[in-house]
């Protein structure tokens, strides 16, 4: 569900016409719906309401301070993977006690930063990392609360770049023999083993992988407790898909209905890490048509947005529906939507049927709220775009468009 719809032929976000925002802030830009963000969070959070739980929003999906602050006020925690994301989450007002730190490459400085903040737990990915956390905690005179990330070797049946739970993945400990690692961790003087963490992938559109992973986690928790290791929480990760095209992914309620019978007897706090499921369909990317180029074999719609602004199509061949901001009665064409960057991979859509646009028309790339702006760059020295949040019949710029001066900030000519 989202709050992007046509009113008298004009695409609107809640009650605000997208064209009005484009006139005020220029193009391209990202546009988010507050009502959609709130609804998606509440649906996900309420699905697990029958158990002690924390819904830790995956900051990497959409890290704007306004979005994080909005979700934090609703009770969200944060799943972070860097010191920068910890800084953002805390600046947005998310309590440290609702923050978990994931990722395979935590640095000494980041570990110390998180310990000083008092985060909920580290989610440990390797034995060397475990030893480093123990050492840093000892130097700071404290104890680090940790979960070990277990790779359950479950196929999430998603794009290989975002499948993280297979045995060939860089993430987590192999499930075979992981009990020994838990015992070693529990014996370290500055480590408190508190949880089990799993995250099998992203944009998962089937229930079965989640159920299989939950069953393996429940079995592991039973084994660990029998060996005297007190497990307090289970993080089942995120990864539930959204409908980009024709997909019909499970709802949070359907996910909870499938896994709660497995989890209810474990006496644990359940953590989830939704990112895309909350933010994906809460945002769109708006771009303006520069010109059309017909080669005889192909039609290209050249727009002012590019792969540096929205990387997913180039990186994953990901699908984003293309919608006209103003519906018209022009002829239908099949075209590639491409940007100004000097790369053949600079495309936002390929081979799409669409209403033939004119120069100056606005297009919306739908379902762009997750891994859109947060993955953007300044490649080709293109300033990063503005971010805008709509609340009912008003809108506010929540990140100003960068300038050329922003591009060279911090640089100097010796």
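Structural remarks
- Residues in region 159-181 that are within 18 Å of residue 239 (Cα to Cα) and either buried (at least 20 other Cβ atoms within 10 Å of the Cβ) or at pLDDT 85 or above (or both): 163, 164, 165, 171, 172.
- Taken over region 211-222, the criterion of being surrounded by 24 or more Cβ atoms within 10 Å (Cβ to Cβ) and in contact with a strand residue (DSSP E or B) (Cβ under 7 Å, 6 or more places away or on another chain) is satisfied by 217 alone.
- Odd one out for residue 78, checked against (1) under 15 Å from the mean Cα position of the chain (by Cα); (2) touching a residue at least 24 places away in the same chain (Cβ under 8 Å): (2)
- Failed condition for residue 134, given (1) at pLDDT below 85; (2) surrounded by fewer than 23 Cβ atoms within 10 Å (Cβ to Cβ); (3) in contact with a strand residue (DSSP E or B) (Cβ under 6 Å, 6 or more places away or on another chain): (1)
- Residue 395 closer than 20 Å to residue 14 by Cβ and touching a strand residue (DSSP E or B) at 6+ places or on another chain (Cβ under 8 Å): yes
- Restricting 110, 184 to residues that are modelled with pLDDT of 95 or more, surrounded by 20 or more Cβ atoms within 10 Å (Cβ to Cβ) and assigned to a helix (DSSP H, G or I) narrows the list to 110.
- In region 142-151 there is at least one residue that is assigned to a loop (DSSP other than H, G, I, E, B), over 23 Å from residue 221 (Cβ atoms) and at pLDDT 75 or above.
- Condition met for residue 225 (surrounded by fewer than 18 Cβ atoms within 10 Å (Cβ to Cβ) and without any contact (Cβ under 8 Å) to a residue 12 or more places away in the chain): yes
- Breaking point among (1) in contact with a strand residue (DSSP E or B) (Cβ under 8 Å, 6 or more places away or on another chain); (2) surrounded by fewer than 16 Cβ atoms within 10 Å (Cβ to Cβ), for residue 379: (1)
- When the test is whether a residue is touching a residue at least 12 places away in the same chain (Cβ under 8 Å), surrounded by fewer than 19 Cβ atoms within 10 Å (Cβ to Cβ) and in contact with a strand residue (DSSP E or B) (Cβ under 8 Å, 6 or more places away or on another chain), residue 232 passes it.
- Taking region 246-359 and the helices (runs of 4 or more DSSP H) fully enclosed by it, the elements with 3 or more residues that are out of contact with any helix residue (DSSP H, G or I) (no Cβ under 6 Å at 6 or more places or on another chain), modelled with pLDDT of 95 or more and not assigned by TED's automatic domain parsing to the domain that holds residue 210 are at 312-316.
- One residue stands out among those in region 350-361 that are touching a strand residue (DSSP E or B) at 6+ places or on another chain (Cβ under 6 Å) and either surrounded by 20 or more Cβ atoms within 10 Å (Cβ to Cβ) or touching a residue at least 60 places away in the same chain (Cβ under 8 Å) (or both): the one that is farthest from residue 26 (Cα to Cα), which is 356.
The values are calculated or read from the model by the stated rules, or taken from the named source; none is laboratory data. Because the structure is predicted, anything quoted here is derived from the model rather than measured. Here Cβ is always computed from backbone atoms with ideal geometry, including for glycine, and neighbour counts include all displayed protein chains.
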